[in-house]
Structure formats: C-alpha cells, structure tokens
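Chemist: Encoded as structure tokens, here's the structure I'll be asking about.
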Amino acid sequence: MRTKISDENLVPIPEGENDVFLLVGPYIDMTKGSYTVTVDYESTEEQCCYAATNTFIQSGLGRLVKGSNRASFRVNISESVGNFEVIVKYNGNGTLRIKNITIRGDHAKLGRLLVCVMLLFAAADIWYL
C-alpha cells in the first residue's frame, strides 16, 4: 500500500486506485444565494474540487493547479439546502495538501440593486428639476 497526500497527514491509497475523495464536508445548511469557495493548498499535480448537495445547486469546478496555492469557484444555490459539502478529489498522482477552505457569501446582487436604486433616485431628481 502506498501513501501520498502530504508529509504531515499521510493517507493510505490502495494500489490501483486513482480517484479518491480526499476531503468531503462540512455538511452544513446553506441559505439561497451565491457563494465563493476558496481552497488554499499545495499540490505537485493538477487536482480538482467542487461543491455538492442533494438539490438546488449549481457549482463551478475548482482546478487545483500545480505550482499555484489558491483556487476559487462560484456556487449558486437556488433554495435553502442541507448537507452542503465541498469535495476535493485526489487523482493518485503527486502530493496534495489542503491548508484551508473558506465559503463566503457574495453580495454582488445587493450591490447591483443599490446602484439601480441610486440611479432611479438620480433620474427622479433630474425629472423634477
């Protein structure tokens, strides 16, 4: 049995098995909205990660590129969901060390709404001048 992944946390990988779900979780409830998932890592080969849940999700694919140390991808959730998870796949080549994963709510839609409201008030001010 070979072991790869990182120097500090060696995980046994059965011979002949390549794609392994290295990390899954945190299995949390998420509300409707847009999110950015950021993965901080070290990798000697390209790997991938993505978000999943039982329904109502549209997730990008995070490419963990060799030589880089951070990858981000967007997740859109159309309804509140349970069991939200980020999945990191190890393809059996090189080493992979996950340092940190963050999930951040995006407030871009709120910002666009505020700009539209401000433009509406500006147009009303001009109209009544």
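Chemist: For a quick check of your reading of the model, give me the residue pairs whose first member lies in region 36-57 and is of a type in the set (D, E, K, R), whose second is surrounded by 17 or more Cβ atoms within 10 Å (Cβ to Cβ), with beta-carbon atoms closer than 7 Å and at least 6 apart or on different chains.
Modeler: E46/L64
Chemist: Hey, among the residues in region 41-95 that are among the polar types (S, T, N, Q) and assigned to a strand (DSSP E or B), which one's nearest to the chain's Cα centre (by Cα)? Talk me through it step by step, then tell me what you get.
Modeler: First pass over region 41-95, keeping only residues among the polar types (S, T, N, Q): 43-44, 47, 53-55, 58-59, 68-69, 72, 76, 78, 80, 83, 91, 93, 95.
Those left that are additionally assigned to a strand (DSSP E or B): 43, 47, 58-59, 72, 76, 83.
Working: S43: 17, Q47: 14, Q58: 11, S59: 8, S72: 6, N76: 10, N83: 15 Å.
Among them, the one singled out is S72.
Chemist: If you don't mind, there's one more thing I want to ask. Of the numbered conditions (1) modelled with pLDDT of 80 or more; (2) on the phi < 0 side of the Ramachandran plot; (3) surrounded by 14 or more Cβ atoms within 10 Å (Cβ to Cβ), V24 fails exactly one; give the number of that condition.
Modeler: (3)
Chemist: Kindly indicate whether any position in region 58-69 is among the hydroxyl-bearing types (S, T, Y) and over 13 Å from L22 (Cβ atoms). Spell out how you get there, then give the answer.
Modeler: First, the residues of region 58-69 that are among the hydroxyl-bearing types (S, T, Y): 59, 68.
Checking which are over 13 Å from L22 (Cβ atoms) leaves us with 59, 68.
Taking every residue of region 58-69 in turn, at least one turns out to be among the hydroxyl-bearing types (S, T, Y) and over 13 Å from L22 (Cβ atoms).
The values are calculated or read from the model by the stated rules, or taken from the named source; none is laboratory data. Just so it is clear, the structure is predicted and the values come from calculations on it, not from any experiment. Heads up, the Cβs are rebuilt from the backbone with ideal geometry, glycines too, and the neighbour counts pull from every protein chain shown.
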